[in-house]
Amino acid sequence: QVQLVESGGGLVQPGGSLRLSCAASRSILSIYVVAWYRQAPGKQRELVALITRGGVTNCEDSVKGRFTISRDNAENTVYLQMNNLKPEDTAVYYCKANMGVEAYWGQGTQVTVSS
């Protein structure tokens, strides 16, 4: 079992940056995959980026070149650096831990991109 706490969301203008944090209650090296998802109003939750226990990362095409996923093993935290934000990035961002048999979600953090 693992608890996840997201933070770092907020209101930002188009072109701005935010860094989201996902703090885990156990070593992130014990988690197979930690991923960031987002859900915009009226839309399905979608995968944004992930990082595996081995450190392999991947970002979806819609955010490639703008978003970067990374982690701090000592802090048991996964980050999502978001640059050049666009209005279409507005959503609640969730962190998910895939433990193999079970998966756990954080409570989400709101990101709003608007002028």
Once fully extended, how much extra length lies between Leu47 and Thr68, figured as 0.36 nm per residue of separation less the alpha-carbon to alpha-carbon distance? 6.2 nm
Fraction in percent of alpha-carbon pairs per bin - 10 Å, the stretch 9-115: 15, 51, 29, 5, 0
Mind checking the full-extension length gain between Glu88 and Arg19? Use 0.36 nm per residue of separation minus the Cα-Cα distance, one decimal, nm. 23.2 nm
Gly10 long-range amide H proximity, modeled H, under 5 Å: Val111, Thr112
With a 4.7 Å Cβ cut-off, tell me which Cys residues in the chain come up empty for a partner. Cys59
By accessible area of protein heavy atoms, probe 1.4 Å, what ranking do Arg38, Arg19 get, highest first? Arg19, Arg38
For the chain, what is the percent of antiparallel DSSP beta bridges, rounded to the nearest 5? 95
Give me the number: length gained by fully extending Leu29 to Thr57, i.e. 0.36 nm times residue separation minus the C-alpha to C-alpha distance, one decimal in nm. 8.7 nm
Counting Lys and Arg as +1 and Asp and Glu as -1 over every other residue whose Cβ sits under 15 Å from the Cβ of Ser115, the net charge comes to -1
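The values are calculated or read from the model by the stated rules, or taken from the named source; none is laboratory data. Predicted model only: the values in this text are computed from it and were never measured. Note that each Cβ is placed from the backbone with ideal geometry, even for glycine, and that neighbours are counted across all protein chains shown. The protein model used for the area step is the full one, side chains on, heavy atoms only, and it has no ligands, DNA or RNA in it. Shrake-Rupley method; radii C 1.70, N 1.55, O 1.52, S 1.80 Å.
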